[in-house]
Amino acid sequence: MRRMATAAFLVAAMVWTLAGPSSADARLGPRPRPDYFTANDGQFFHRSPDPFSVDLNPPPGTASQTIKKNNSIALAITDAHHYADSGFYVVLGALKDVNTIVVSASDNDPGPFALNLWFDSNNDGDFFLWTGGMSHQILFDLGGDQYGLGPQSVGGRLKVNDGTAFYMQGTPNGGSTYTLAELKDGQATFIDGNTLVAAWVGICCGSSDGSAVNQSATIKVFRAR
């Protein structure tokens, strides 16, 4: 959902730790895996529990994700001449239990990439409203939920803490900026420490002259605690 240069990413490990008495390193199943993979084809925003590829609209180009044999996850945007994005999101739990998020890439393939936070501010247990079946869905509306545009990586590393600012999208806080601490404190309407939150990590692209830009990065770690 956030505009950046075209890129292809490999996610080599994803581990998150939630703060609190029951904190422990956790992995999703037998391999590191997001809750959902996502892609914006330039017209529609898609999600699926499994990696997928979509043709960009208008063509040419594709946005895709692939799980590699070594359990890395490749996010790719190819031959894009307009805005597109490819990413994944991980449900982190209650906002109050998230104190730090770290995403890092290898030194020789550093990005850029970005992180946004999604907020279940209507308390229905999901993020936004979608159409389609369980295997592949298209965003219909924010549905009373909100999201915040967060930081972009610098030198292949991105870190979120209580002082990190998020530029809010959606009603009623759209256009306002809050730090993670302020969001946990309930200073944004319909968001507080008990709000279910997810972290979206992804790449995106777009060029002012319609030309395609290509970059790549190898993301090694996703960690929240």
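The values are calculated or read from the model by the stated rules, or taken from the named source; none is laboratory data. All values reported here derive from a predicted model rather than from experimental measurement. When we count neighbours, we look across all protein chains shown, and the Cβ atoms used for this are built from the backbone with ideal geometry, even at glycine.
Is there a residue in the stretch 159-179 that is hydroxyl-bearing (Ser, Thr, Tyr), surrounded by fewer than 19 Cβ atoms within 10 Å (Cβ to Cβ) and within 17 Å of Arg47 (Cβ to Cβ)? No, the stretch 159-179 has no match at all.
When the residues of the stretch 117-137 are narrowed to those that are among the small types (Gly, Ala, Ser) and not in a strand (DSSP E or B), which ends up nearest to Lys184 (Cα to Cα)?
The first filter runs over the stretch 117-137 and keeps only residues among the small types (Gly, Ala, Ser), leaving 121, 125, 132-133, 135.
Now restrict to residues that are not in a strand (DSSP E or B): 121, 125, 135.
Working: Ser121: 12, Gly125: 18, Ser135: 32 Å.
Once the filter is applied, the top-ranked residue is Ser121.
Taking the numbered list (1) in contact with an Asp or Glu (Cβ under 6 Å, 6 or more places away or on another chain); (2) of a type in the set (A, V, I, L, M, F, W, C); (3) closer than 22 Å to Phe222 by Cβ in turn, Leu129 passes all entries but (3).
Check off (1) charged (D, E, K, R); (2) within 19 Å of the chain's Cα centre (by Cα); (3) at pLDDT below 70 for Asp50 and give me the number that stays unchecked. Result: Asp50 fails condition (3) only. Set side by side, the residues Phe140, Phe128 differ, and just one is aromatic (Phe, Trp, Tyr), out of contact with any Phe, Trp or Tyr (no Cβ under 7 Å at 6 or more places or on another chain) and either at pLDDT 95 or above or at positive phi (or both), which is Phe128.
To keep it simple, each residue is scored yes or no on (1) out of contact with any strand residue (DSSP E or B) (no Cβ under 6 Å at 6 or more places or on another chain); (2) among the charged types (D, E, K, R); (3) at pLDDT below 95.
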site: Met134; (1), (2), (3): yes, no, yes
site: Gln146; (1), (2), (3): no, no, no
site: Asn161; (1), (2), (3): yes, no, no
site: Met168; (1), (2), (3): no, no, no
site: Phe190; (1), (2), (3): yes, no, no
site: Asp209; (1), (2), (3): yes, yes, yes
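Provide a single number: the residues in the stretch 101-122 that are farther than 16 Å from Cys205 by Cα and either at pLDDT 95 or above or crowded, with 20+ Cβ neighbours inside 10 Å (or both). So the answer is 10. All of (1) under 16 Å from the mean Cα position of the chain (by Cα); (2) in contact (Cβ under 8 Å) with a residue 24 or more places away in the chain hold for Ile191 with one exception: (1).
Might you let me know whether the stretch 64-72 holds any residue that is of a type in the set (Lys, Arg), surrounded by fewer than 15 Cβ atoms within 10 Å (Cβ to Cβ) and farther than 17 Å from Leu183 by Cβ?
Taking the stretch 64-72 first, the residues of a type in the set (Lys, Arg) are 68-69.
Still in the running and surrounded by fewer than 15 Cβ atoms within 10 Å (Cβ to Cβ): 68-69.
With the extra rule that they be farther than 17 Å from Leu183 by Cβ, the set shrinks to 68-69.
Checked against the condition, which is being of a type in the set (Lys, Arg), surrounded by fewer than 15 Cβ atoms within 10 Å (Cβ to Cβ) and farther than 17 Å from Leu183 by Cβ, the stretch 64-72 yields at least one hit.
For the stretch 180-197, a residue qualifies if it is assigned to a strand (DSSP E or B) and either surrounded by fewer than 22 Cβ atoms within 10 Å (Cβ to Cβ) or out of contact with any Asp or Glu (no Cβ under 9 Å at 6 or more places or on another chain) (or both), and exactly one does: Leu196.
Out of Gly175, Gly170, Gly148, one residue alone is out of contact with any Gly (no Cβ under 6 Å at 6 or more places or on another chain), touching a residue at least 12 places away in the same chain (Cβ under 8 Å) and on the phi > 0 side of the Ramachandran plot. It is Gly170.
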